[in-house]
Amino acid sequence: MPPRRWPLDGFASRPATSHHDGTPLCPVPGPNGSRPAAPIGVPVPARLTMWQAVRQSWLIHPDWTVADHLVWLDNEAYDTGTLTGDPAEVVGRWLAEHRRTAPVSRPADETRVFMVAGGDRVAVFDSADEAGVMAVTMTGANLEPVTLCLTEAQWAQAHAVLRSDFPYFTVTDARTGRAAGAS
């Protein structure tokens, strides 16, 4: 439960957890100043590596510059000082590699399907943004997701193979206008 008394009311939001006696958790120094410690026994979500974080933010915000990514990494408490070399140069190389390996654009009239697969789960979406959110979620669940951009025909073929060769996989079609649910 939140602490009974919070001396920083008006300056910082009240934490969600406290000691058993209702006092705030002890402060722990961090890159953006001291913050209350993480509670013991409460699961903490897995943290993406810096490379994974840049990849996922690039998928969601393909128009961001190197400077935008560096600001975002700092705001998310990633220590870019641990990178080997100039952080702007390293992140710039990562972004260039992401762009180089991005799927080739398709004709405008060709319907695209964005597929994310991890573990025994496969999900398809109408947009790269929705697929990116799923990929981040799967990464947070300690899966190593694969994201693909397919044509409708390629997805139909892949879906048939999944149903026949991997019937125990959960396949979710989250595209607009599709029957909701898993197959």
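Among the residues of the stretch 1-18, the one identified as basic (Lys, Arg) and either surrounded by 13 or more Cβ atoms within 10 Å (Cβ to Cβ) or in contact with a strand residue (DSSP E or B) (Cβ under 7 Å, 6 or more places away or on another chain) (or both) is Arg14.
Of all the residues in the stretch 24-51, those that are farther than 18 Å from Met1 by Cβ and either crowded, with 17+ Cβ neighbours inside 10 Å or modelled with pLDDT under 75 (or both) number 10. Suppose we filter Thr151, Thr139 for residues that are under 17 Å from the mean Cα position of the chain (by Cα) and of a type in the set (Ser, Thr, Tyr); which single one remains? Going through Thr151, Thr139 in turn, just one is under 17 Å from the mean Cα position of the chain (by Cα) and of a type in the set (Ser, Thr, Tyr): Thr139.
Remark: Ser57 matches the filter, which requires a residue to be outside the structural domain of Met138 (by TED's automatic domain parsing) and under 20 Å from Thr139 (Cβ atoms).
Here Val66 qualifies as in contact with a Gly (Cβ under 8 Å, 6 or more places away or on another chain) and either closer than 27 Å to Ala135 by Cα or not charged (D, E, K, R) (or both). Only one of the numbered conditions (1) over 21 Å from the mean Cα position of the chain (by Cα); (2) assigned to a helix (DSSP H, G or I) is not met by Asp21, and that is (2).
The values are calculated or read from the model by the stated rules, or taken from the named source; none is laboratory data. As the structure is a computational prediction, the values presented were derived from the model and not from experiment. Reconstructed Cβ throughout: ideal geometry from the backbone, glycine too, with neighbour counts over all protein chains shown.
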